[in-house]
Ligand code: GAR
């Protein structure tokens, strides 16, 4: 039985699109049963609709800081669609600790840095200012702290001296689109377990899983 997944978005939804495409494969262990946005103008909504996936908008702006009010509406949509796993894809609204705890181990997020480095806003600017030579993206289980929680999968890219936040973001985004579907495959297929706040898996890195940057020739 495929696990029933909701994707939550606030914007363009490119990670959502990567997940929708991956979920088309017959052997993919999850199906995307609904895409939920907290903004009616999220560009990703049209893409989801054109893929034939039901979409729901729960406008968060009128609710202001009433997080519990928003989450009550969200939970009823999740219940209606019998959702088992949530994937956040650029979902830019914070949850209450109660909601996060209810979904602990069943809610994934993707963040464009190698967490625990550079959580929050402008991760690529943070990476460039820190002068790191390798950056990347992280899929993790959600905990109440923002952009933190048990790490399921990471992918890395070399940072170049002439990178801007935009060029680095573009290369990291390609990695995001690879690791999010793979991480969902792993989690939905039962290939992960949480032990004392750490995500363990039977999968390993690729045969040549070293990345050295810069490379001295
Ligand atoms: C992605 O880069 C995602 O990693 C980031 O928002 C972007 C959404 O793009 N998420 C965060 O920064 C979470 N803190 P998308 O709408 O095209 O998937």
Mind checking which residues of region 30-58 are touching a strand residue (DSSP E or B) at 6+ places or on another chain (Cβ under 6 Å) and under 16 Å from residue 185 (Cβ atoms)? 30, 32
Considering each residue of region 196-213, count those that are loosely packed, with under 11 Cβ neighbours inside 10 Å and either touching a strand residue (DSSP E or B) at 6+ places or on another chain (Cβ under 6 Å) or in contact (Cβ under 8 Å) with a residue 24 or more places away in the chain (or both), and give that number. 2
Single unsatisfied condition, residue 100 versus (1) within 11 Å of the ligand (Cβ to nearest atom); (2) not in a strand (DSSP E or B): (1)
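For (1) free of Cβ contacts under 8 Å to residues at least 12 places away in the same chain; (2) within 11 Å of the ligand (Cβ to nearest atom); (3) outside any strand (DSSP E or B); (4) crowded, with 21+ Cβ neighbours inside 10 Å, each residue gets a yes or a no:
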{"residue": "8", "(1), (2), (3), (4)": "no, yes, no, yes"}
{"residue": "21", "(1), (2), (3), (4)": "no, no, yes, no"}
{"residue": "25", "(1), (2), (3), (4)": "yes, no, yes, no"}
{"residue": "31", "(1), (2), (3), (4)": "no, no, no, no"}
{"residue": "41", "(1), (2), (3), (4)": "yes, no, yes, no"}
Per the filter on region 57-86, residues farther than 18 Å from residue 144 by Cβ and either touching a residue at least 40 places away in the same chain (Cβ under 8 Å) or part of a strand (DSSP E or B) (or both) are 57, 77, 78, 81, 82, 83, 84, 85
Among the residues of region 103-116, which ones are touching a strand residue (DSSP E or B) at 6+ places or on another chain (Cβ under 8 Å) and assigned to a loop (DSSP other than H, G, I, E, B)? 103, 104, 105, 106, 112, 113, 114, 115
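Readers should treat all values here as calculations from the given coordinates under stated rules, not as data from a laboratory. Quick caveat: nothing in here was measured; it's all calculated off a predicted structure. Cβ atoms come from the backbone with ideal geometry, glycine included; neighbour counts cover every protein chain shown.
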